[in-house]
Amino acid sequence: MANLCKPKFKVLSSFSQVGGIPLLCTLWERFDLSLLLSQSGIFKVRGVATWVLAFLYVVGLINRSPSVNALSSFYNQDGLLQQTLGAKKISQSALSRFLTGFSGWDVFNNKRTERLQDDTDTALTNGDVLALDDTHAPHPYAKKIPFLYWLYDSSSKTYTWAMNIVALHAVRRNGVEYPWSYSIWKKPESETAKESSKLDLAWRMLQDVRKQVSCRLWVVMDRWYFSKPFLRQCESANFDWITKAKRNTKLFRRLIEPGTGRERFVPIQPIDLIREVYPRLKMQPKAKVASVVCQDIYIQMPAEKRNRKGQMIIKMKYTPIAAVVGWRVKEESKDTERSRIDTTDESDHEPAADYKGAYLLMSNRHDVPQEVLGAWLRRWNIEILFRTAKQELGMLNCHSQNENHIHAHLTLLFTAETLIRYLLWAQRKTAGKEDCTHGQVIRNLICIRCHTRRVHSRNKPDSITLDLDTVAKDFARLIRRLWPPNLEIGWFCPFSTNQLLGTTA
C-alpha cells in the first residue's frame, strides 16, 4: 500500500497556455511588424506600446479569446506572455482604446504586404496566384454601421445583417500562402451616385497590388466575377485571369473553310463542348483531376476602335482563349458523378456550365493552356482561408459597433493568419510531410501548455527554459530552427537588415 503525502501548494503563475509564443516573436521581428505599426501612425495607448497591444491581440485571436475583457484577463494570468511583452498588467480600457482610436489600418496592411515582398520566402514571382473571392460576415449587433446590410446568405438560405468582404489571397508555387488584402463593400450614398460594385472594389485592390509587385500573376475567380470589362482591366494591368464558364457564356469555334480558306467562327455552347470531350476525360482514371484542352476556342471581347469619323468606339472582337475541361476523378463513390466542390447552387441565376461533374475553365493565356488547371486548383485556398478565419481565428467574434474596431480586427486577423501560414509551410518543408494542418499548428505548436523555470548558470545568469507539452514533439525541427535567443519583443530588431540605417543617414 502506497503512502499518500499531503499536497504542496504552489503559485502557478509561471505556467502558460501559449507555449509557442517565442516562434511568433521570431516571425514578428522577421517581418518588422512593430516598426510598420509605428510607421502607420499607430502610437502608444496609456503608456503601453502599440506593438505590445497588437501582438497581444494576435495571440488572443489564435487563442480564441471571445472578447477584449477575456483577453485582458488571460494576459494578466499568463506568466510567459507577461515576460515576453514586459508589461505586468494590461487593462481592458487600454485594449479598447487601441482598437477604436486609430484609423490607419489600411496603411499598415499595405506596409505588411510590401514588407513580405522583401523576403525571399514570401515574395511573389511570375506564375504565382492571387485568388479573388468574397464572403459574408454576419454582424446582427449593430444596424447603423455604414457597411452593414440585409444580405442573402446562400449557405443558410436566409437573409441576415452582414458585411460583404472582398478579399485577395496570395498563393506561391513553393507552397507559401498568405492573405493579401480585403475591402468591405458599401452601397452608394444616393440614388444619383455611381454604384460601386464588388468588381470596382476588386479592380482597386488589384491596382494596389501593382504598386508593389510588377511580375506577371494569375488572378483566379469564380464565375460571379466573369465580366468582360473587368477581365479587360485585368489584362491591361498584366494579370492573367482564370474563371469558370457559365451556361449562357457565348463561345465560338474557329473553322477554316476547305477550298476557300476563309475563316469562320461557329457558335458553340459550353455544355456541348464539355460533352464533346467527356469521353477523353474518362480515359484518365489514374489522375486526381483529369483535364482536356479544347483548341481554337474564341470569345467576343470589347476592344476600342476608331471609326470613319475618327471617334473611338467599342467593338466586339473575336479573341482566342484557353478552354480547359476539368473533372475531379472520384474513387470512393460511383453513385454520382458530380464533384463536391463544383456543385451548382440552384438559387444562382447564372449557374456554371457542367456535365456529370466536369466543368469548363476559361483564361486569356491561350498560349499555355496546360498551366490553367494547376493555377485554378489553387483558388480553393481562399475558401479554406474563409473557413479557418471563421472557425479557428474568431473572425465573427467582433461585436463592436465602432468602424475602426472592425477594421483593426480584420487587419490583425490577416496578420495572425500570415504568421500561422508561414509556420505551416515551414513545418511541411522541414518535416517533408503534407499531413500537417492549420488547426494542428494552432493546437499542437502555439496554444500548448508549458512551464517556465529559471536556469542557474554561470555563463548565462539570467536564463529561463520552457517545458513544452509532448504534443509539440512533431514540431521539434521547426522549433530548433525558429527558436529565438531572447524572450522579448520591441520596436527595433538589431538583427534585421531592413531596419539598418544607410551610410548617409
Where a residue in segment 116-142 is within 14 Å of residue 213 (Cα to Cα) and its partner, wherever it lies, is among the small types (Gly, Ala, Ser) and part of a loop (DSSP other than H, G, I, E, B), with Cβ under 6 Å and at least six apart | 117/123
Out of 124, 130, report the one residue that is open to solvent by 10 Å² or more (accessible area, probe 1.4 Å) and either modelled with pLDDT of 95 or more or touching a Cys at 6+ places or on another chain (Cβ under 8 Å) (or both).
-> 124
Within segment 165-182, count every residue that is assigned to a strand (DSSP E or B), in contact with a Lys or Arg (Cβ under 7 Å, 6 or more places away or on another chain) and either open to solvent by 10 Å² or more (accessible area, probe 1.4 Å) or of a type in the set (Ser, Thr, Tyr) (or both).
-> 2
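Among the residues of segment 19-42, is there at least one that is over 27 Å from residue 443 (Cα atoms), open to solvent by less than 10 Å² (accessible area, probe 1.4 Å), β-branched (Val, Ile, Thr) and touching a residue at least 40 places away in the same chain (Cβ under 8 Å)? Can you show your working first?
From segment 19-42, those over 27 Å from residue 443 (Cα atoms) are 35-42; that's our starting set.
Then keep just the ones that are open to solvent by less than 10 Å² (accessible area, probe 1.4 Å); that gives 37, 42.
The next check asks that each one be β-branched (Val, Ile, Thr); those that pass are 42.
Checking the rest, the ones that are also touching a residue at least 40 places away in the same chain (Cβ under 8 Å) come to 42.
Yes.
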Failed criterion for residue 224 (all others in (1) closer than 23 Å to residue 374 by Cα; (2) modelled with pLDDT of 90 or more hold) = (2)
Going by the structure shown, is residue 324 free of Cβ contacts under 8 Å to residues at least 60 places away in the same chain, of a type outside the set (D, E, K, R), exposed (fewer than 12 other Cβ atoms within 10 Å of the Cβ) and within 28 Å of residue 356 (Cα to Cα)?
-> no
Filtered residue count, segment 241-288, keeping only those that are farther than 11 Å from residue 353 by Cα and not in a strand (DSSP E or B) = 20
Identify, please: which residue in segment 202-240 is in a loop (DSSP other than H, G, I, E, B) and of a type in the set (A, V, I, L, M, F, W, C) and is, among those, farthest from residue 110 (Cα to Cα)?
-> 226
Determine if segment 58-80 includes at least one residue that is open to solvent by 10 Å² or more (accessible area, probe 1.4 Å), of a type in the set (Lys, Arg) and either at pLDDT below 90 or touching a Lys or Arg at 6+ places or on another chain (Cβ under 6 Å) (or both).
-> no
Looking only at segment 304-321, count how many residues are part of a strand (DSSP E or B), within 20 Å of residue 267 (Cα to Cα) and open to solvent by less than 100 Å² (accessible area, probe 1.4 Å).
-> 4
Could you tell me whether segment 385-395 includes any residue that is out of contact with any helix residue (DSSP H, G or I) (no Cβ under 6 Å at 6 or more places or on another chain), part of a helix (DSSP H, G or I) and modelled with pLDDT under 90?
-> no
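The values are calculated or read from the model by the stated rules, or taken from the named source; none is laboratory data. The structure presented is a predicted model; accordingly, all values stated were derived computationally and were not measured. Positions of Cβ are generated from backbone atoms using ideal geometry, with glycine treated the same way; all protein chains shown enter the neighbour counts. Note: areas computed on protein heavy atoms with side chains; ligands, DNA, RNA excluded. Shrake-Rupley method; radii C 1.70, N 1.55, O 1.52, S 1.80 Å.
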